[in-house]
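Here the structure is laid out as structure tokens; the discussion comes afterwards.
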Amino acid sequence: MASKGWAGALTLALAFQAQAGSGKGLLETLGRALGNTPRAAAEKARSPYLDPAGTYWDLDQDTLEGAQHLRVGLTATASVGSDMCDMKLLAMAHSSYRLDAKDRQWCLYQWWVADTKINGANGIEQTQTDAIERRYGPAFDARLEKFKTTRRFAVRPDFVSWGGVEYNSARGAMEVYVPLPEISTGGLSVTGKGFVPWFQRTDRVVFSPKWAGRYQLLIRMDSAEAANLARQGRDARDDLVVFSVNRVWVENKVPKMDVTVERVRVGYRNETIEVDLTNKQGAGA
């Protein structure tokens, strides 16, 4: 577990074995605009959506822990975040999946929303779909090309809405259920070794188990350690999951993805639990 120093830079990790094309300039500009800018920081400071703190992708860099950052989840300037369609770009980059014209238009609209929320009006109205395409389309396509040569990704998991972190005294372990963002709105699209299956069956019924589709991680600790963490309280700003994409395919027009989780980080106010899974896959840590 890593103690957080006053500068926030002192990290002693507890490890368990367990743009190409004409859009590159705009892509880099948009990436910087959605990063640690004074305006974005000010928006975060006065945002009413700070409980729980963290998981604001627009305050992150485009690379986290050496992996490509996926812009998914909450933002400092929008209550439910801005979906930049990074998961769809990932699916297109590594499979035959393609967006139709309507879906592409919706994705570029999200880019316009994020850009104008942070940088203000740019002379383009939300109904001007052709102008939005001209401004953001090249950068969107450049990001797709970048993803074609990328296999390692990082994301801030939304434990509060979709995952779980809880201590199981009977097992003597912290149970962490890591949610990964879905590619499609219908879900059921991400799986891999160590994930709770989407469905289970008995002789009589087929059912969806609790934490279906989440990566299950068990971190051994005693009750005193767990009580100390509980007293501190969680700090979602340090939550992170790094994974590599093994395969993407299309099933009944829905993209599916098989991944390997490499690293999980769970933040608390005074320390961070970090688990390196590159040498061991599965539930135990």
Per residue, what accessible area does region 119-274 have, given a 1.4 Å probe and all protein chains present, in Å²? 51
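Classify region 207-252 as rounded, prolate or oblate from the Cα gyration tensor: take a ≥ b ≥ c as the square roots of its eigenvalues, call it rounded if a/c is under 1.5, otherwise prolate when a/b beats b/c and oblate if not.
Here region 207-252 falls in the prolate category.
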Can you list residues from other chains, or at least 5 along the same chain, whose modelled amide H is less than 5 Å from the amide H of residue 192? 259
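Indicate the gyration tensor shape class of region 145-266 (rounded, prolate or oblate), computed on the Cα atoms with a ≥ b ≥ c the square roots of the eigenvalues: a/c under 1.5 is rounded; otherwise a/b larger than b/c is prolate and the rest oblate.
Details: a/c = 2.40, a/b = 1.36, b/c = 1.76.
The shape class here is oblate.
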Cut-off under 5 Å, modelled amide H: who pairs with residue 262 long-range: 242, 243, 244
Going by average Cβ density within 10 Å per residue, which order do the peptides 65-72, 118-125, 204-211, 91-98 take, highest to lowest? 65-72, 91-98, 118-125, 204-211
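May I ask for the net charge around residue 151, where only other residues with Cβ less than 13 Å from the Cβ of residue 151 are counted and Lys, Arg are +1 while Asp, Glu are -1?
On the way: positive: 146, 148, 152, 247; negative: 258, 262.
Once positives and negatives cancel, what remains is +2.
What translational D, rounded to a whole number of µm²/s, comes out for region 86-190 from Stokes-Einstein when the hydrodynamic radius is the Kirkwood one over Cα pairs, at 37 °C and 0.692 mPa s? Write out the running numbers ahead of the final one.
Working: Rh = 16.4 Å.
Reported coefficient: 200 µm²/s.
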Integer Hz, Karplus 6.51/-1.76/1.60 couplings in order for region 182-195, x for Gly and Pro: 7, 7, 10, 5, x, x, 6, 10, 10, 8, x, 5, x, 8
Between residue 239 and residues 5 or more places away or on another chain, which pairs have amide H atoms under 5 Å apart, with H built 1.01 Å from N, and which residues are they? 267
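The values are calculated or read from the model by the stated rules, or taken from the named source; none is laboratory data. Bear in mind that the values here come from a model prediction, so they are computed numbers and not experimental data. Please note: Cβ atoms are built from the backbone with ideal geometry, for glycine as well, and neighbour counts cover all protein chains shown. For accessibility, only protein heavy atoms count, side chains too; no ligands or nucleic acids. Shrake-Rupley method; radii C 1.70, N 1.55, O 1.52, S 1.80 Å.
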